[in-house]
Each structure stands twice: as C-alpha cells, then as structure tokens.
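Here's the structure, in structure tokens; my notes come after.
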Amino acid sequence: MQNPNSPSWADRTLFSEFMSVDELTELGTGDVAYIKQIKARDLKEMFPDVPPLHDNMTLYALLNADGTPILLADSREAAVANAFEADLEMASLH
C-alpha cells in the first residue's frame, strides 16, 4: 500500500527501475547535508566518543545525506558555517 503522504515519484519500486539500492542510498552523500537539533542525552548513539555533558544541553549535529555524523556544534550557526566551508548543499528537514 502506498503512503498517501509520500509523493508518487518517491515510490522505491519506481526508483529501483533506474537505480540500485546502493546508488539510491548514496544519493547526495558528500554533497548534501542537514542539521539536526539534538539533546546531549541522545548523543552516545550518534557520537560514541562524546564526553559527558549535561543531559538537557541542546546541540546541533551536521549530518551527511545518508545520516552519517560530520560535526557536533553548540550553535546552529556554527554547524551552518562548517557546511558552507565544506561546500555542502543544505537540505531542509521537516
């Protein structure tokens, strides 16, 4: 059953006619990034080597298109600046 909230062009079976799963997974990797606001208590999964921080501290993770962490910053502006310096295209998430 197709998700009514997903556009018809996003149907994975349609994409599989043109791209392999690996190609689809790597789409945008190294070129596109996004910023995710994250609480310090949720960092261990994404950044295993992060030192202990106050649980309620809000940080900003710059993530590659595939979700791979690139950078952790204490402000959104710092994360955006790093993306700009790395010539990454920013994607908006909702």
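The values are calculated or read from the model by the stated rules, or taken from the named source; none is laboratory data. Treat the numbers as computed from the prediction; the structure is a model and nothing was measured. Counting neighbours? That spans all protein chains shown, and the Cβs are built from the backbone with ideal geometry, glycine included.
Has region 69-89 got at least one residue that is part of a loop (DSSP other than H, G, I, E, B) and at pLDDT below 85? Show your work before the answer.
Just the residues of region 69-89 that are part of a loop (DSSP other than H, G, I, E, B), to begin with: 74-75, 86-88.
Add one more test, that the residue is at pLDDT below 85, and what stays is none.
No: region 69-89 contains no residue that is part of a loop (DSSP other than H, G, I, E, B) and at pLDDT below 85.
Within region 43-66, take every residue that is of a type in the set (S, T, N, Q) and surrounded by fewer than 16 Cβ atoms within 10 Å (Cβ to Cβ) and give me the one that is farthest from the chain's Cα centre (by Cα). Walk me through how you get there before you give the answer.
Applying the first criterion (of a type in the set (S, T, N, Q)) to region 43-66 yields 56, 58, 64.
From what is left, the residues that are surrounded by fewer than 16 Cβ atoms within 10 Å (Cβ to Cβ) are 56, 58.
Numbers: 56: 21, 58: 17 Å.
The selected residue is 56.
Among the residues of region 25-43, is there at least one that is in a helix (DSSP H, G or I) and at pLDDT below 80? Talk me through it step by step, then tell me what you get.
Narrowing region 25-43 to residues in a helix (DSSP H, G or I): 25, 40-43.
Pick out the ones that are also at pLDDT below 80 and you get 25.
So far as region 25-43 goes, yes, one or more of its residues are in a helix (DSSP H, G or I) and at pLDDT below 80.
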